[in-house]
Every structure is written in structure tokens, then in C-alpha cells.
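Step one of this worksheet: look at the structure below.
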Amino acid sequence: MRHYKFIAGTVLALGLATSAVAQDMSFFRIGTGGTAGTYYPIGGLLANAISNPPGSRPCEEGGSCGVPGLVASALSANGSVANINAIAGGTLESGFAQSDVATWAYTGTGIWDGKPAVEKLRAIANLYPESIHLVASAGSGINSVADLKGKRVSLDEPGSGTLVDARVILEGYGLSESDITPEYLKPDQAADRMRDDAMDAFFFVGGYPAGAIAELASQHDVKLVPISCDEAPSICEKYTFFASDTVPGGTYEGNADDVKTLAVGAQWVTSADQPEDLIYGITKALWNDNTRKQLDAGHAKGKAITAETALDGVGIPLHPGAEKFYKEAGLLK
């Protein structure tokens, strides 16, 4: 397991500063993705939202509305596969994962075929759609996935959900890694290579706008390449978790038109070993009015995180604590 880079919300400093307060304090980690993606900033928002360190002002007085005594933190990691492995191994309390990867892990199918199923994997919530980005240098001559043949293409790091889906997309268009010059870099690293004219295209799965892509598009002429099951029907026939999606025109500089692509759900997952009361409190804090304000103001994808879609596309069991909340809230019978 790679080293996890630690980032805490602003509440962590407050929690540590008041550690002398006679109140139990617990820690809860959220595994995310690379710092240039979408998981990382969303993880930071949620860590702040569910935290309520000892000594904090009460929620009703304008203070933290999280779980009393909880200090949550977001960790930069390799993404879906790595997060699930860490949860299974007990080195993370929770993490973000693509819906497809979570389902495969729990059932021991797909990319988990031949490996032990992660039978204790449980869901807290579906968060938002993750769009499959295929970013190409404007001068590369790449206008479709089929044009990747013979090109230098980054598929993201081992352990990422992006790598899994990039392979699926290539297969759907009749290509494999042997047909391209593959590299396995995080999106910010791939973007740096593209700036230096050393990379033709790269995949990234995440909510738009993605920081690394937005920054690259402001400095280098790039295009989003469409991905469609109309062009490659076998993708959606074989992998039913994909949904049609559109990246709106203007999301990235130089890309004025809407671009069709596919999406999977970003889900917050944990282990059945986590206490029911804790996950109940976290789920309740996730959907309170204070968190709603933080999500709406904190990230463009935050507005897509809603209680009404919290159960969409969840292919693994809910954690009992989360299930209890959704039943009380009338979102689950």
C-alpha cells in the first residue's frame, strides 16, 4: 500500500488545540484520489462537515454540526481500488470508490475475479456522477477513441478506477494497451507531459470541472474526445453501470460545445466493522442543512450531492448505520 498523504480540514487544528477537553475524541479517515482530481476536494468538504472536535461550539450556536468528538480527515490516495483494499485491510475507515469498482469488489467479479471478495464492504452514500474524460492535445489529430491507436496515452495509476474504465473503453472501440504507447500517470502528471508535447492524450474519471484539466486547458490547446455507446455499443451492453453523460460546453477553456461521454457513480464506502452509531451519525451529518451549504459553496460538483440521489446505483449493501438514517428520513422503506 502506498504512503497516504495527509490533509485535514480546518477543524482538525481546532480539535487538537482542545484535546485537553474531557470528551472522547475519535478519528475517521476518508481515502480519496489524487490532489488534482475531484475526490480530494470533495473529501475535504465532507471531512469538515462530519467533524465536531471536542470544545467546538454547538451547531445551534453557529459551530460544527458534525458528529460530537469526531475528527475526520481526507487522505490523498490512488483512488477506488486502493481505497477499497485499504478499507478491507483495516488501514482506512472509509473511502471513495466508483460504483463499478465497489460492486466488483463486493461480488468478487469483474476486475476482482480470482481475488477474495470484499464481503464487508458497505455503502454510506452515492455522491455524484463521475464523468469519463478523454483529454487530447489539439494538435494530436485525435478526434475519437479509435484515433488513439499508435498514440502516447496515459491511463492513470494502478489502483485507480480510471485505469479500469480506460481499459473497458479501449476494448469497446476495438483497441488494447498494445495498440497504444501506454503510460500510467495521475492526471496532473499527464497534463505536465502534454504541456511538454510528450503526451497525446490521457483518461480521467471524475466530476467536472477537474482541476488538472481546467489548469491545462488554460495553458495549452486541448480537446475533450467524445465517448459513446452509440459508437461502441458493447461497452454499455457488457457493463450496465455506465450511464450516458454530457460535459457542458464551456466547462474547459477552448471547448465551447457539449461533449458526450459516459459516467459512473462516485460512492462513499466503509466497512461493516465500523460501529453502527458512528456511521449513523456521519450519515446524518452528511445530509444536514449546514453540510448542504458547505457542499453548494465548496465545489462545482457539490451541488450534485443530494439526499434524493444518495441511493442511486448502489450495488452493495448499505452500512446498518446509514440504512437506519435513510429509513428515518423516509428515503428507504
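The values are calculated or read from the model by the stated rules, or taken from the named source; none is laboratory data. Every value quoted in this text rests on a predicted model; they were computed, and no experiment measured them. Here the Cβ positions follow ideal geometry from the backbone for every residue, glycine too, while neighbour counts run over all protein chains shown.
Of everything in region 25-82 that's among the β-branched types (Val, Ile, Thr) and in a strand (DSSP E or B), which residue is farthest from residue 302 (Cα to Cα)?
71
May I ask you to list the residues in region 194-214 that are without any contact (Cβ under 8 Å) to a residue 40 or more places away in the chain and either of a type in the set (Phe, Trp, Tyr) or part of a helix (DSSP H, G or I) (or both)?
195, 214
Okay, residues lined up against (1) free of Cβ contacts under 8 Å to residues at least 12 places away in the same chain; (2) of a type in the set (S, T, N, Q); (3) assigned by TED's automatic domain parsing to the domain that holds residue 200; (4) out of contact with any Pro (no Cβ under 8 Å at 6 or more places or on another chain):
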site	(1), (2), (3), (4)
136	no, no, yes, yes
141	yes, no, yes, yes
146	no, no, yes, yes
161	no, no, yes, yes
166	no, no, yes, yes
174	no, no, yes, yes
178	yes, yes, yes, yes
182	no, no, yes, yes
189	no, yes, yes, yes
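Assess whether residue 115 counts as being surrounded by fewer than 23 Cβ atoms within 10 Å (Cβ to Cβ), assigned by TED's automatic domain parsing to the domain that holds residue 275 and over 26 Å from residue 35 (Cβ atoms).
yes
From (1) in a loop (DSSP other than H, G, I, E, B); (2) at pLDDT below 95; (3) not assigned by TED's automatic domain parsing to the domain that holds residue 222, pick out the condition that doesn't hold for residue 157.
(3)
Identify, by number, the condition in (1) at pLDDT below 95; (2) buried (at least 21 other Cβ atoms within 10 Å of the Cβ); (3) over 26 Å from residue 135 (Cα atoms); (4) not polar (S, T, N, Q) that residue 47 doesn't meet.
All conditions pass for residue 47, except number (1).
Go through region 211-242 residue by residue and tally those that are under 21 Å from residue 175 (Cα atoms) and among the aliphatic types (A, V, I, L, M).
5
If you take the residues of region 268-293 that are outside any loop (DSSP other than H, G, I, E, B) and of a type in the set (Asp, Glu), which of them is farthest from residue 52 (Cα to Cα)?
Filtering first and then ranking leaves 276.
Hey, could you check region 160-194 for residues that are touching a strand residue (DSSP E or B) at 6+ places or on another chain (Cβ under 9 Å) and within 13 Å of residue 213 (Cα to Cα) and say which is surrounded by the fewest Cβ atoms within 10 Å (Cβ to Cβ)?
Looking at residues that are touching a strand residue (DSSP E or B) at 6+ places or on another chain (Cβ under 9 Å) and within 13 Å of residue 213 (Cα to Cα), I get 193.
With 63, 55 as the choices, which residue is closer than 22 Å to residue 281 by Cα, free of Cβ contacts under 8 Å to residues at least 40 places away in the same chain and more than 23 Å from the chain's Cα centre (by Cα)?
63
Of the conditions (1) free of Cβ contacts under 8 Å to residues at least 12 places away in the same chain; (2) touching an Asp or Glu at 6+ places or on another chain (Cβ under 6 Å); (3) hydrophobic (A, V, I, L, M, F, W, C), residue 256 clears all except one; give me its number.
Status for residue 256: all satisfied but (2).
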